[in-house]
Amino acid sequence: MTEAEAMEPRARTAAVRWARWHLGPMGFRDLITGVEVETLRYGRLITRYATRTGTWAEEPATGAMSALSHPVALESLDLWSGSPEELAVRTSHVAACRRCSGGGQVTCPSCHGGLRVSCSGCGGDGRRMSRARKSYRTVRCPECRGTGKKKCLRCSKGQVGCTPCRSSGRMRRWLKVTTAQGTQVGVWPDDPRLRAHPGLMRGSPRALQWRGARTLETREHDGPLPSSRPGPEAEAAGFLSARASLEPTLEPLRGRVLSQTLEVFEAPSATVHYTFAGQRGFLKLLGHDLRATPARDTRPFRHRFAALLGVFFLGFFFGAPLLSSAFTGRHLFYQRHPSAGLVAWASLGLISGCWLMMASWQRLRRADGSKSARRWHDRFGFGLTGLCALLYLGCFTWVRPSTAELSRLTTAGTLDLAELHANALQSEGDTSHAFIAARNAFVQARVRGMDNRAAVKLVTFYARTKVETQPLEAERQRLREAWILSALARNDESEVEQELTHLANEEAPLPFVNRLRARLEDQRLEQGKALLAKGEVEDALRTLLRIQAPSLATEPPGPLVSHAYLLRARSCAAQDRPCTAQALKLAVEADANEAARTALATFRDTEAARLEQVARASGSLGPRLQALHAAEVEAQGLLSVLTGDAALTGARSHVLQRREELLRGQLPLGAPVEVAQALLGASGLQEKQPGVFAVKEAPTGTLVHLFVAQGMTRGLHVTATDHGREALATEALQQVVQRLTGHAFTAKDLVRAGTGVAHVPARLGPHAALLGWQDGALVEVLVGRVEP
């Protein structure tokens, strides 16, 4: 048997071992289609090299030194032409300082050549803080005398000595050489299989100790390896043709090869070909122990892993929840049924079986269309899928609610499970007599231990079908009645009203609803009586006005409401007559008894007589007008409540008539201020300051003010809106004085030629006037007594 034939079964075993730990399938040996065995020769060249770099170093020149006539060029200097010390001595020379350009002096960094610097005492501000008599204040800086600048003491004429050359202007320069060593490992040929050789790529001596390969040749040489020195094994391995790519790239005058080591190896290599998931792949092995190398094609494994991962995620995150929800999503009955857990496990098992079937199908499929031999585990997926599918279909087909089970569970007292059957059958629209009887029995048994609100909700759910639901409706009415009675005991009227509304919407018998409504109205009536007895009139009114069906109460609430309104009228303030009128009017509307009608008539007659007395009163003009205005406002307020009352309407007419008689022939100027307010309207005057009123309804472009003293309008001032810059319009002036005084200026009074400012006297009926002129333009008019 040849060495290649002996290595073939070992290569198959090594490939199976590798596939087991790299997501490979079971039975990988059956997927192998062929094995190729060959002997691989390869080697490596280890080069140790050194590189030198040079930089110019400098220091201040001391003593007598001569400068080099031609300094050495660093780019053309061979850094390996001597030791670093010899190169430093050879290249040492004197050169001008680069900072001061050989002058030895540089510009002062403090004053920048200006000879003045900022004062350190005040920071350049010219003032500083000083403490005197336990207080702080700012004073002029004594160091700079308030200028913020002082003489620079560091430099001389803006120059200081150069620091690098110590003011000599010369520097000694020499070449400073540094040496760095490195190692480069070059391997040939460029084959990814060689990465399996331990230590080969890193230049480690472990490469010579590996038993998987045989060392054919090893050569070491100080400096570059001569081309004539490689042995026959290196030449046979192709070293000479690959040497150019193995050598390090060094600069001619900077780098030098210190030593080179050449090593040549020989190792067996096997290529295992396989077919998996309908695709071809290969794996290359190296060494006597047949190590797996990076030179491999594992796309079939990756495709299989991606496909199985996709099936896993789609199945477990979408498929299984979808199958489970298809069973449980039909109704709450299926969610809480004991078989829901079995359906969930069957869904997971169905997805798992599909996953196993997918894995087996991929393992059996070959690239040429044929299939591999089946193994025992290939049938496990089919079996699991079939079993879980039968369980799922069985639960989907046979698990259903039934009337017989509903009756049995109700009799046994297992009402939670019975409710699931009843809900499901109700949702399916079952109207059979057996179901209706079982449903009614279940509901009556269920509500016995339940809370009132939950029981009403349960009964309402089953009574909405309106099919033989009379027992359920009677039970619901009983529950609502009990809740109404408890709410009445708690004095919670909102709950009672809500329940009565529900009863009306549920078409409960009207006598039943009226009986409960009468209980509520009687309770409100008794509460109103109790509040009236305590003197809480407003609370009593709010309670009595909530009565919605007075006819259902044991006694009419009208007299009580009327009495409460009469009490409210007595509590109104004496000045708040609309409040009293409103209360008396509501009392009569609530119950037209003798007391209410008498009180309203007495109040109306009294107010009408009072208004008539105000109209007939005598006295000075101002107070009489003020009293008539107040009486007119009160009469209007009373008529807004007692609409159309003849006595009040007549009294108001007398008040208005008397007011017109008093204002006849009166003018705003020279009369009491009440006359001006009555003639100009309620909003015609606006008090700007004490004794000065602005006339609101003035012509456009004019400002009109009335001056008041001791209750009389004494003066009038008219000017333009932009006083002093705009002339007063003649038409607007005549309109104002005619309205307020009853007289107008003559034409010659309103004409003046000349320049400058002047006040010209004039007469306006009985009033003296001053016309203010500026450069021939009339700017203001003062009539009567006008305070400046």
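The values are calculated or read from the model by the stated rules, or taken from the named source; none is laboratory data. None of these values were measured; they are calculated from a predicted model. Please note: Cβ atoms are built from the backbone with ideal geometry, for glycine as well, and neighbour counts cover all protein chains shown. The accessibility values were calculated without ligands, DNA or RNA, using every heavy atom of the protein model including side chains. Shrake-Rupley method; radii C 1.70, N 1.55, O 1.52, S 1.80 Å.
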Within the range 629-660, the residues that are among the β-branched types (Val, Ile, Thr) and surrounded by fewer than 18 Cβ atoms within 10 Å (Cβ to Cβ) are Val633, Thr643, Thr649
List the pairs whose first member sits in the range 295-306 and is farther than 18 Å from Leu356 by Cβ, whose second member is of a type in the set (Phe, Trp, Tyr), and whose Cβ atoms are under 6 Å apart, counting only residues at least 6 apart or on separate chains?
Asp297/Phe282; Pro300/Phe276
Mind listing whichever residues of the range 159-205 are of a type in the set (D, E, K, R) and under 24 Å from Ser101 (Cβ atoms)?
Arg166, Arg170, Arg172, Arg173, Lys176
Applying the selection to the range 754-771, what residues are without any contact (Cβ under 8 Å) to a residue 40 or more places away in the chain and either in a strand (DSSP E or B) or under 60 Å from the mean Cα position of the chain (by Cα) (or both)?
Val757, Ala758, His759, Val760, Pro761, Ala762, Arg763, Leu764, Ala768, Ala769, Leu770, Leu771
Evaluate the following for Phe380: is it of a type outside the set (Lys, Arg), open to solvent by 70 Å² or more (accessible area, probe 1.4 Å) and out of contact with any helix residue (DSSP H, G or I) (no Cβ under 8 Å at 6 or more places or on another chain)?
no
Test: residue in the range 55-71 that is under 30 Å from Leu262 (Cα atoms) and open to solvent by less than 70 Å² (accessible area, probe 1.4 Å)
no
Filter the range 15-32 for residues that are at pLDDT 85 or above and either in contact with an Asp or Glu (Cβ under 8 Å, 6 or more places away or on another chain) or open to solvent by 80 Å² or more (accessible area, probe 1.4 Å) (or both) and give the result.
Arg17
For Arg714, which of the numbered conditions (1) under 60 Å from the mean Cα position of the chain (by Cα); (2) open to solvent by 40 Å² or more (accessible area, probe 1.4 Å) fails to hold?
(1)
Turns out the helices (runs of 4 or more DSSP H) fully within the range 457-568 with at least 1 residues that are open to solvent by less than 20 Å² (accessible area, probe 1.4 Å) and under 21 Å from Leu586 (Cα atoms) are 510-534, 537-545
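Yes or no, residue by residue, for (1) modelled with pLDDT under 90; (2) under 50 Å from the mean Cα position of the chain (by Cα); (3) in a helix (DSSP H, G or I):
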site: Ser352; (1), (2), (3): no, yes, yes
site: Leu356; (1), (2), (3): yes, yes, yes
site: Asp368; (1), (2), (3): yes, no, no
site: His377; (1), (2), (3): yes, no, yes
site: Leu384; (1), (2), (3): no, no, yes
site: Ala389; (1), (2), (3): no, yes, yes
site: Tyr392; (1), (2), (3): no, yes, yes
Taking Thr39 as the residue in question, decide whether it is in a loop (DSSP other than H, G, I, E, B), open to solvent by 80 Å² or more (accessible area, probe 1.4 Å) and β-branched (Val, Ile, Thr).
no
Flagged in the range 244-256 as in contact (Cβ under 8 Å) with a residue 12 or more places away in the chain, open to solvent by 30 Å² or more (accessible area, probe 1.4 Å) and of a type outside the set (Ser, Thr, Tyr), in numbering order, are Glu247, Leu250, Glu251, Leu253, Arg254, Arg256
For Cys155, work out the one condition from (1) open to solvent by less than 60 Å² (accessible area, probe 1.4 Å); (2) over 30 Å from Cys100 (Cβ atoms); (3) not hydroxyl-bearing (Ser, Thr, Tyr) it doesn't fulfil.
(2)
Among the numbered conditions (1) surrounded by 16 or more Cβ atoms within 10 Å (Cβ to Cβ); (2) within 18 Å of Leu425 (Cβ to Cβ), tell me where Arg336 comes up short.
(1)
If I ask for residues that are modelled with pLDDT of 85 or more and of a type outside the set (Lys, Arg), which ones from the range 739-756 would you list?
Leu740, Thr741, Gly742, His743, Ala744, Phe745, Thr746, Ala747, Asp749, Leu750, Val751
Is it fair to say Arg145 is within 30 Å of Ser83 (Cα to Cα) and either open to solvent by 30 Å² or more (accessible area, probe 1.4 Å) or under 60 Å from the mean Cα position of the chain (by Cα) (or both)?
no
Would the range 467-489 turn up any residue that is among the charged types (D, E, K, R) and within 28 Å of Arg400 (Cα to Cα)?
yes
Please specify each residue of the range 164-203 satisfying the condition of being exposed (fewer than 13 other Cβ atoms within 10 Å of the Cβ) and in a loop (DSSP other than H, G, I, E, B).
Asp190, Arg202
Can you tell me which residues in the range 726-761 are under 22 Å from Met712 (Cα atoms) and of a type in the set (A, V, I, L, M)?
Val736, Val737, Leu740, Ala744
Count of the range 742-757 residues which are of a type in the set (Gly, Ala, Ser), open to solvent by 40 Å² or more (accessible area, probe 1.4 Å) and within 17 Å of Ala768 (Cβ to Cβ):
1
Got a number for residues in the range 577-612 being open to solvent by less than 50 Å² (accessible area, probe 1.4 Å), among the acidic types (Asp, Glu) and part of a helix (DSSP H, G or I)?
2
Any strands (runs of 3 or more DSSP E) falling wholly within the range 222-317 and containing at least 3 residues that are of a type in the set (Val, Ile, Thr) and either modelled with pLDDT of 90 or more or closer than 28 Å to Leu40 by Cα (or both):
255-276
Within the range 410-431, track down each residue that is among the polar types (S, T, N, Q), assigned to a helix (DSSP H, G or I) and open to solvent by 60 Å² or more (accessible area, probe 1.4 Å).
Thr411, Ser427
Residue count for the range 432-455, restricted to those that are in a helix (DSSP H, G or I), farther than 18 Å from His421 by Cβ and open to solvent by 10 Å² or more (accessible area, probe 1.4 Å)
5
Among the residues of the range 298-313, write down those that are surrounded by 15 or more Cβ atoms within 10 Å (Cβ to Cβ) and not aromatic (Phe, Trp, Tyr).
Thr298, Pro300, His303, Arg304, Ala307, Leu308, Val311
